[in-house]
């Protein structure tokens, strides 16, 4: 059941990215280029996704547990720290440079492998650096 | 009309997936987190299935949808490598990306995610303004 839901979720999420053309870095950069030739279509994507998501969380808040899993595992951290700000800031610079965030970067492995392989290779190295840094500081 | 239809359907599909996944499995969908589970945890099957599905679904150009903007010309490997390093390291340090903070986090009005989203939108917009 977990495997089926997870695979189907990945598929439909990917379809959503393709439909909204977030898989195309030219569209994403066009959206971020508010000073230039601005393409606002991703506002519709974000607003409709969040609109459905808000309903989802409203339903969640009325239920004791999920339908399949035994407990909710939604993050409940509340503090704003420098890691959150610095990490998100660096992510935004990387996102603006190429127009790829992680999901569209993964789909570029097949849509545009000449770009996707470099981007995802480096993304894995970057995540690995953080993983090692975390491990070192926890010792 | 056409210019609204595709982003609307795309966003609804993304929101619907996040909702169904939440209400059944009880978790948030965050692509950067799921990818790092695939890479660095011992539970690899489920993240593998999600990412395989994502790549298949995201490659559906032409089958279900028509492209309105052409893909960019292939860009320099160095630009892609620097971008990938920043996205990989930054999303892990900041605990999320466009999906985890941007969609799922804002949907539950998480202050952390709202701050994170404003931050990465701001630095991305500044970066594009400088590069262009």
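Quick note: the coordinates plus some simple rules give every number you see, no bench work behind them. Since this is a predicted model, take the numbers as computed values, not measurements. Cβ: placed from backbone, ideal geometry, glycine included. Neighbour counts: every protein chain shown.
Observations, loosely collected:
- Any chance residue A:126 is more than 27 Å from residue A:38 (Cα to Cα) and surrounded by 18 or more Cβ atoms within 10 Å (Cβ to Cβ): yes
- Failed condition for residue A:84, given (1) at the interface with chain B (Cβ under 7 Å from one of its Cβ atoms); (2) closer than 15 Å to residue B:24 by Cα; (3) in a helix (DSSP H, G or I): (2)
- Matching residues, region A:19-40, being more than 15 Å from the chain's Cα centre (by Cα) and in a loop (DSSP other than H, G, I, E, B): A:33, A:34, A:35, A:36, A:37, A:38, A:39, A:40
- The single condition from (1) within 25 Å of residue B:86 (Cα to Cα); (2) in a helix (DSSP H, G or I); (3) over 16 Å from the mean Cα position of the chain (by Cα) that residue A:59 fails is (1).
- Residues of region B:36-72 satisfying the condition of being touching a residue at least 12 places away in the same chain (Cβ under 8 Å) and within 18 Å of the chain's Cα centre (by Cα): B:36, B:38, B:47, B:50, B:51, B:54
- Checking residue A:100 against (1) surrounded by 12 or more Cβ atoms within 10 Å (Cβ to Cβ); (2) part of a helix (DSSP H, G or I), the condition it does not meet: (2)
- Among residues of region A:48-75 that are facing chain B (nearest Cβ under 7 Å), those with a Cβ under 6 angstrom from a residue that is outside any helix (DSSP H, G or I), sequence gap 6+ or separate chain, pair up as A:57/B:108; A:66/B:26; A:68/A:1; A:69/B:26; A:72/B:26; A:73/B:26; A:73/B:27; A:74/B:28.
- Unmet criterion (only one of (1) surrounded by fewer than 16 Cβ atoms within 10 Å (Cβ to Cβ); (2) under 16 Å from the mean Cα position of the chain (by Cα); (3) within 7 Å of another protein chain (Cβ to nearest Cβ)) for residue A:43: (3)
- Failed item, numbered, when residue A:4 is tested on (1) facing another protein chain (nearest Cβ under 7 Å); (2) within 24 Å of residue B:55 (Cβ to Cβ); (3) surrounded by fewer than 19 Cβ atoms within 10 Å (Cβ to Cβ): (1)
- Residue match in region B:73-83 (condition: in contact (Cβ under 8 Å) with a residue 12 or more places away in the chain and surrounded by fewer than 22 Cβ atoms within 10 Å (Cβ to Cβ)): no
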